[in-house]
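Data block below; observations after.
The values are calculated or read from the model by the stated rules, or taken from the named source; none is laboratory data. Note that the coordinates shown come from a computational prediction; the quantities given were computed from them, not determined experimentally. Virtual Cβ from ideal backbone geometry, glycine too; neighbours counted across all protein chains shown.
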Amino acid sequence: MNYAPTSSEEERIARAIVDAAYAVHSALGPGLLENVYEACFCHELGKQGLSYRRQVVVPIVYDGIRFDEGLRLDVLVEDLVICELKAVETMHPVFTAQLLTQLKLTGKRLGFLINFNVPLIKHGIKRVIL
């Protein structure tokens, strides 16, 4: 498939997200709960001057009915990039499918699946583009 390239703003945010993940993982390492990584990751984003929202509830419209119990985004950065955070031993394909669904339902194009429970964070970051 041929997708339009990401914008320079999306790329700037993407670099900051990767930098934030590296900073948190370098300081804390693997083995903590996801909510700890989320709080520290968001702190790092804030230090870089980025706006973010945690645990963003996105309503779903199904069969013409709006359901507020829709989905929950771990972190939405600059209202543009979705970050799905994990702290798991094994990354399952359903996690990527989850992020793809979140991107489709929100109309966003760029997302990151970040697993902090790895020896090297570079093995825990997956970039997903719609």
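A few points about this structure:
- Residue match in region 38-45 (condition: aromatic (Phe, Trp, Tyr) and over 22 Å from Ile129 (Cα atoms)): no
- Some residue of region 38-57 being outside any loop (DSSP other than H, G, I, E, B), free of Cβ contacts under 8 Å to residues at least 40 places away in the same chain, surrounded by 14 or more Cβ atoms within 10 Å (Cβ to Cβ) and acidic (Asp, Glu): yes
- Selection count where residues are within 14 Å of the chain's Cα centre (by Cα), without any contact (Cβ under 8 Å) to a residue 60 or more places away in the chain and under 21 Å from Arg15 (Cα atoms), scope region 103-122: 5
- Summed over region 90-102, residues that are surrounded by 12 or more Cβ atoms within 10 Å (Cβ to Cβ) and either in a loop (DSSP other than H, G, I, E, B) or of a type in the set (Lys, Arg) (or both) total 1.
- Scanning region 1-18 for residues that are closer than 21 Å to Ser51 by Cβ, exposed (fewer than 13 other Cβ atoms within 10 Å of the Cβ) and of a type in the set (Gly, Ala, Ser) yields Ser7, Ser8.
- Checking each residue in region 109-124 for being outside any loop (DSSP other than H, G, I, E, B) and of a type in the set (A, V, I, L, M) picks out Leu110, Leu113, Ile114, Ile121.
- Residues being among the aliphatic types (A, V, I, L, M), touching a helix residue (DSSP H, G or I) at 6+ places or on another chain (Cβ under 8 Å) and surrounded by fewer than 20 Cβ atoms within 10 Å (Cβ to Cβ) - total across region 62-79: 1
- Near pairs, Cβ below 8 angstrom, 6+ apart or cross-chain, from region 71-88 (of a type in the set (Asp, Glu)) to any residue that is assigned to a loop (DSSP other than H, G, I, E, B): Glu78/Leu50; Glu78/Ser51; Asp79/Ser51
- A single member of Ala27, Ala21 is of a type in the set (A, V, I, L, M, F, W, C), buried (at least 18 other Cβ atoms within 10 Å of the Cβ) and either in contact with a Phe, Trp or Tyr (Cβ under 8 Å, 6 or more places away or on another chain) or assigned to a helix (DSSP H, G or I) (or both), and it is Ala21.
- Those residues of region 103-128 which are modelled with pLDDT under 95 and either surrounded by 14 or more Cβ atoms within 10 Å (Cβ to Cβ) or closer than 17 Å to Tyr37 by Cβ (or both), in sequence order: Leu105, Thr106
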